[in-house]
Amino acid sequence: MANRPGPVIYGRMTRPLPPEITGWFTARGWCIHPHQQAMLERADAPCQLLIAPTGGGKTMAGFLPTLAELADGTHRGLHTLYVSPLKALAADIKRNLTGPVEEMGLPIRIEDRTGDTSSHTKRRQRADPPHILLTTPESLALMVSYEDAGRTFTGLRRIIVDEIHALAESKRGDQLMLALSRLSTLAPGLRRVGLSATVEDPAAIARILARHPDPCEILEADPGPDPDIAMLTTSEAPPWSGGGGKYAIPAVLEQVRRHRTTLIFHNTRAQAELFFHHLWLANEDQLPIGIHHGALAREQREKVEQAMVDGKLKAIVCTGSLDLGIDWGDVDLVIQVGAPKNVKRLVQRIGRANHRYNAPSKALIVPANRFEVIECTAALEAVRAHQLDGDTDHTGPLDVLCQHILIRAAAGPFHADELYEEIRTAGAYADLPRVTFDRCLDFAATGGYALRAYDQWQRLVQRPDGQWQLRDPRRAQRIRMNIGTIVDADKMQVRYQRTRGGAPLGEVEEYFASMLRKGDTFLIGGQIVRYEGMREMVVEVSRTPYLKPKIATFMGTKFATSTQLSDRILAMFRAEDWPELPGHTREWLHLQRKVSRLPERDRLLVESFPHDGREHVVAYGFAGKNAQQTLGLLITQRMEEMGLNPMGFVATDYATLIWGLDPLDDPTPLFSRENLVETMEAWLAGNAVMKRTFKASALIAGLIDRNQPGAARKTGRQATFSTDILYDTLRKYDPDHVMLQITRAEAMRGLVDFGRIEEMLARIGDRIDHARLSRVSPLAAPLFLEPGRVPIAGAADQRMLEDEAARLMTAAGLVSERA
Amino acid sequence: MNDLIFDFFGETLHALPSGALWWPGRRLLCASDLHLGKSDRMARLGGPMLPPYDTQETLDRLGADLSATGAREVICLGDSFDDLAASRDMVETLKDRLLGLMAGRRWVWILGNHDPGPVDLGGTHLAEHVLGPLTFRHIAEPGTTGEVSGHYHPKARVSLRGRSLSRRCFLLDDARLILPAYGAYTGGLDCARPELSDLMGAGAEAILLGPTPVRLPMPRRPR
């Protein structure tokens, strides 16, 4: 929150700042940034969006009008609500705001309220709220669900949404904006302020932030000097495949040595773990280096955060958990390991270095493999050209809407018409058709089933006066316990054995835990541990002297390369030569052009060749990993029908490699839009991705509950049944049910990403180039090293199970009595 | 049919892909833990409003097994209804469907821990039922032999080349047979958990349900 020294300008202000505040600035020889001043001048606007780079005094700009309005001590109750996407950020802001407010001697009470706040404090805050309350979207949704919400929020004047760019396109953001629609009813005249990092399309964020159809003023602060950003050159060329960046460790250590504090970003937790482990093995100088990511136990994370604040660390290996503007430590270098996948995120990460307004941030990108050299080069060009990824049009998802209806019901009776109008004041829901709202209300009330209704036991009932209310008021507690839109895979805690103190280490996904056998070693918290067993729902491990984990925790990245980056790469391929690329990569591309050809943006390159006794097909769709994966599933299905006997495939952000028994003569029918859509429809039916998507939406919409009142710990039996069964049942008996519609819509833009396939089909048209080769092409070669190969399922599952059973029965000396 | 055929106390029994047990020697079909009316009960108790088609789904499945086998006798091995109200409030069409399945067959309701006791559906209500060498009861009792029971909703998890597969299963050792839950919305208990792993003797086997049931040594936790 530091402001650089400079001349103090107060002259243009329409509303003078109270002397306590101006005095405080003057005493420090600080001035008010132009954008902070602009925010003050226009503080009466119904909605303001400030776009400023990290370290630009953004938060102070958001709070100054509040401090000015509260300075005379006459306001009673809540005045300003501050919402941030991270608990840690709320706590950080509290620290950084309370200091100045005390020094200014202002009569302002500031408190935070997150999942970590005690229930006693929370109750007190509802009855007697502070002037400024710092919270998260989930905690706010919870507050809105109480019957006394009206009283709590009386007098609320301003709401500040920090890091709104991080919320804008997420369900957390949608939930927040629905809560705001409620607040605007409870506290008429409420003004909204959004604080955002640099984004491509501020108007899109403004649309989401403003109360529809209010206008939103957009203020763009001076973005500061361009970042000093480059690719980290190493003596050793990057490997052909893989995502870890292990080859670059000596060069990274050298950079850590030369800087005060370095943040080393990775795209996944697993990669961060592996990198940290290898970093320590190579860390001969014993440089103090820590690791920070969301799967680590809270105690572990807090230790690292504290060490960082105290300036005790030279470097932190981290993931998205440090993406947002938490202001700690004196970071002067950011290293991004692995291609950043999207330019926006890269820019925001770079912003973490040199948290001072007028100094350029310094960053280095480490490509993890040969293809990423190209991707990183494209990303660097995009950053230099100030071209971020565009925001897609965002329509509010219906599962979040269903949850909001339940939250509204928990707060008391409501008229459907009024709620509908209120919801449409949230930008993402402005175009919500009444019939869709009614379906969601029906779902919340009765389950929304076509063939049978829970007449007697429905959740919401309509009173004689037409208002909807909970049938059983006790239901409110259950609704509150299930607020939230973040659905994680089922996680299990990892701890040391009780005999070794039982210290928590972090979490692993349940399916990962289920694969472990006693004695298996794996990485967590930068340490290699040995699996000892499962106790209750906890994975118990012990220390191990081994240096190499037996089980790799590689789980790939959930981020697909953005459309803009893919386009830039394809544009690069059109060049005659690539002087900007390192020699090894340059030669690689030249060789590809000589042997086959390079992919182009408005054509689809399909290569086929025999290799290792099998036939292979590669489709360079550049549609991002999720879409290329879906493409793999659809194409193999089609090939199966054509009798080409596909056996499996693997997908990356730029291509899908398929192997099978028979050669492909003509790829054209495989990629016709009609064929793909038709296959898609059939495939959606029993697909595991759809079932996973269904589960997430079912939890958010309230079809099933995550938590129930007074529930004991899972006992195993009957406690849970697979949501797959619900999905299958609905498909069979109620195929038009709203939950299935939601699932489809989610899948289209999420893991299935059929949208990107359609985009690809539109740009390639019927321009498909088939290169029949005698052997593997240079561009295809790395695909053979790619993890995450998908066998063609169907009969395969059953056959593998039967083989395993036969092996086990023989091993156990039992003879199967199968007839 | 893709049954898995095995011997148990001198009798030839079939594990059906649906989770029912077929005893051709007696033309008897046995299914455990139907939990009819489960979705209704959950809604009634203020829980989630699940797709209310589970009872229909379970009865459809049972109907298919009855016509495929031509069973003359049926044993429902307990927890047939999720509770008293579930049997009382059964929708008319579903009750008719169930009565249709019962018509012309000897039908035995074994008492389970969820069951309310005799209901107005006809059939014989018994705590346990002895037929030749086999004893049918809901919950396994230690120290018995030739026992066929349910209650635990057993499931087994198998690792296949780095992938893990979990399916409902029969459990079998030289004293007892435990049936999987037959109801549509029934969860399961991993057979590696002590409740089951301590109950089943050494050399116990699991028969995993699927398109074709598969028999393998019962997975246990490494000790």
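Quick check, is A:Tyr511 at the interface with another protein chain (Cβ under 10 Å from one of its Cβ atoms) and modelled with pLDDT of 80 or more? Considered against the rule, which asks whether it is at the interface with another protein chain (Cβ under 10 Å from one of its Cβ atoms) and modelled with pLDDT of 80 or more, A:Tyr511 comes out as no. The strands (runs of 3 or more DSSP E) falling completely within the stretch A:114-200 include none with 3 or more residues that are among the charged types (D, E, K, R). Being of a type in the set (Lys, Arg), in contact with a helix residue (DSSP H, G or I) (Cβ under 8 Å, 6 or more places away or on another chain) and at pLDDT 75 or above: is that true of A:Arg574 here? No: the conditions fail for A:Arg574.
Against the list (1) crowded, with 22+ Cβ neighbours inside 10 Å; (2) assigned to a loop (DSSP other than H, G, I, E, B); (3) within 9 Å of chain A (Cβ to nearest Cβ), the condition B:Pro211 fails is (1). Taking first residues from the stretch B:19-39 that are without any contact (Cβ under 8 Å) to a residue 60 or more places away in the chain and partners that are buried (at least 24 other Cβ atoms within 10 Å of the Cβ) and among the acidic types (Asp, Glu), the Cβ contacts under 9 Å between residues at least 6 apart in sequence or on separate chains come to B:Gly37/B:Asp54; B:Gly37/B:Asp82. Looking across the stretch A:653-666, the residues that are within 17 Å of A:His611 (Cβ to Cβ) and in a loop (DSSP other than H, G, I, E, B) come down to A:Ala655, A:Leu661, A:Asp662, A:Pro663, A:Leu664.
Among the residues of the stretch A:258-273 satisfying the criterion of being within 19 Å of the chain's Cα centre (by Cα) and part of a loop (DSSP other than H, G, I, E, B), which is farthest from A:Asp332 (Cα to Cα)? The selected residue is A:Thr268. Among the residues making up the stretch A:257-281, those that are in contact (Cβ under 8 Å) with a residue 60 or more places away in the chain, of a type in the set (A, V, I, L, M) and either buried (at least 19 other Cβ atoms within 10 Å of the Cβ) or within 16 Å of A:Gly338 (Cα to Cα) (or both) are A:Leu263, A:Ile264, A:Ala270, A:Leu274.
Counting only residues that are more than 11 Å from chain A (Cβ to nearest Cβ) and either under 30 Å from A:Val738 (Cβ atoms) or without any contact (Cβ under 8 Å) to a residue 24 or more places away in the chain (or both), the stretch B:69-83 holds 2 of them.
Residues that are polar (S, T, N, Q) and within 30 Å of A:Gly155 (Cβ to Cβ) within the stretch A:186-205 comprise just one, A:Ser196. In the condition set (1) in a loop (DSSP other than H, G, I, E, B); (2) surrounded by fewer than 20 Cβ atoms within 10 Å (Cβ to Cβ), A:Pro610 is compliant with all but (1). Filter the stretch B:175-199 down to the residues that are surrounded by fewer than 22 Cβ atoms within 10 Å (Cβ to Cβ) and part of a helix (DSSP H, G or I), then identify the one that is nearest to the other protein chains (Cβ to nearest Cβ). Ranking the qualifying residues of the stretch B:175-199, first place goes to B:Glu195. When we screen A:Leu605, A:Leu703, A:Leu631 for residues that are closer than 30 Å to A:Leu570 by Cα and touching a helix residue (DSSP H, G or I) at 6+ places or on another chain (Cβ under 8 Å), the only hit is A:Leu631. Of all residues being among the hydroxyl-bearing types (Ser, Thr, Tyr) and either at the interface with chain A (Cβ under 9 Å from one of its Cβ atoms) or surrounded by fewer than 24 Cβ atoms within 10 Å (Cβ to Cβ) (or both) in the stretch B:1-40, which is nearest to B:Gly210 (Cα to Cα)? Just the residue, please. Out of the qualifying residues, it is B:Ser18. Can you confirm whether the stretch A:580-587 contains a residue that is out of contact with any Phe, Trp or Tyr (no Cβ under 9 Å at 6 or more places or on another chain) and either among the aromatic types (Phe, Trp, Tyr) or at pLDDT 95 or above (or both)? No, the stretch A:580-587 contains no residue that is out of contact with any Phe, Trp or Tyr (no Cβ under 9 Å at 6 or more places or on another chain) and either among the aromatic types (Phe, Trp, Tyr) or at pLDDT 95 or above (or both).
Here the stretch B:41-68 is the region considered, the condition is being over 17 Å from the mean Cα position of the chain (by Cα) and more than 10 Å from chain A (Cβ to nearest Cβ), and the residue that is nearest to B:Leu101 (Cα to Cα) is B:Ser67.
In the stretch A:779-819, the qualifying residues are those that are in contact with a Lys or Arg (Cβ under 8 Å, 6 or more places away or on another chain) and over 11 Å from B:Arg215 (Cβ atoms), and the one that is modelled with the lowest pLDDT is A:Met800. In this structure, is B:Gly104 in a loop (DSSP other than H, G, I, E, B), out of contact with any helix residue (DSSP H, G or I) (no Cβ under 8 Å at 6 or more places or on another chain), surrounded by fewer than 16 Cβ atoms within 10 Å (Cβ to Cβ) and not polar (S, T, N, Q)? So B:Gly104 passes the test. Residues in the stretch B:130-167 that are surrounded by fewer than 23 Cβ atoms within 10 Å (Cβ to Cβ), within 12 Å of chain A (Cβ to nearest Cβ) and not in a loop (DSSP other than H, G, I, E, B): B:Arg157, B:Val158, B:Ser159, B:Leu160, B:Arg163, B:Ser164, B:Leu165, B:Ser166, B:Arg167. For the stretch A:38-75, a residue qualifies if it is among the aliphatic types (A, V, I, L, M) and not in a loop (DSSP other than H, G, I, E, B), and the qualifying residues are A:Ala38, A:Met39, A:Leu40, A:Leu49, A:Leu50, A:Ile51, A:Met60, A:Ala61, A:Leu64, A:Leu67, A:Ala68, A:Leu70.
Checking the structure you have, find out if any residue of the stretch B:111-123 is crowded, with 18+ Cβ neighbours inside 10 Å, under 22 Å from B:Thr186 (Cα atoms) and free of Cβ contacts under 8 Å to residues at least 60 places away in the same chain. The answer is yes, given that some residue of the stretch B:111-123 is crowded, with 18+ Cβ neighbours inside 10 Å, under 22 Å from B:Thr186 (Cα atoms) and free of Cβ contacts under 8 Å to residues at least 60 places away in the same chain.
Taking the stretch A:766-776 as the region of interest, how many residues are in a loop (DSSP other than H, G, I, E, B) and touching a strand residue (DSSP E or B) at 6+ places or on another chain (Cβ under 9 Å)? So the answer is 5. For B:Ala202, the criteria (1) more than 8 Å from chain A (Cβ to nearest Cβ); (2) within 22 Å of B:Ile5 (Cβ to Cβ); (3) in a loop (DSSP other than H, G, I, E, B) hold in every case but one, which is (2). The set of residues in the stretch A:274-325 being assigned to a loop (DSSP other than H, G, I, E, B) and either aliphatic (A, V, I, L, M) or within 22 Å of A:Phe522 (Cα to Cα) (or both) consists of A:Asn283, A:Leu287, A:His293, A:Gly294, A:Ala295, A:Ala297, A:Leu313, A:Thr319, A:Leu324. Selection of the stretch A:435-481 for residues being touching a residue at least 60 places away in the same chain (Cβ under 8 Å), more than 19 Å from A:Ile742 (Cα to Cα) and more than 9 Å from every other protein chain (Cβ to nearest Cβ) yields A:Gln469, A:Leu470, A:Ala476, A:Gln477, A:Ile479, A:Arg480, A:Met481.
Taking only pairs six or more apart or across chains, which ones have beta-carbon atoms under 8 Å, a first residue in the stretch A:282-293 that is farther than 17 Å from A:Gln306 by Cα and crowded, with 20+ Cβ neighbours inside 10 Å, and a second residue that is at pLDDT below 90 and not hydrophobic (A, V, I, L, M, F, W, C)? Between residues of the stretch A:282-293 that are farther than 17 Å from A:Gln306 by Cα and crowded, with 20+ Cβ neighbours inside 10 Å and residues that are at pLDDT below 90 and not hydrophobic (A, V, I, L, M, F, W, C), there is no close pair.
The values are calculated or read from the model by the stated rules, or taken from the named source; none is laboratory data. As the structure is a computational prediction, the values presented were derived from the model and not from experiment. Every residue, glycine as well, gets a Cβ built from its backbone with ideal geometry; the counts of neighbours run over all protein chains shown.
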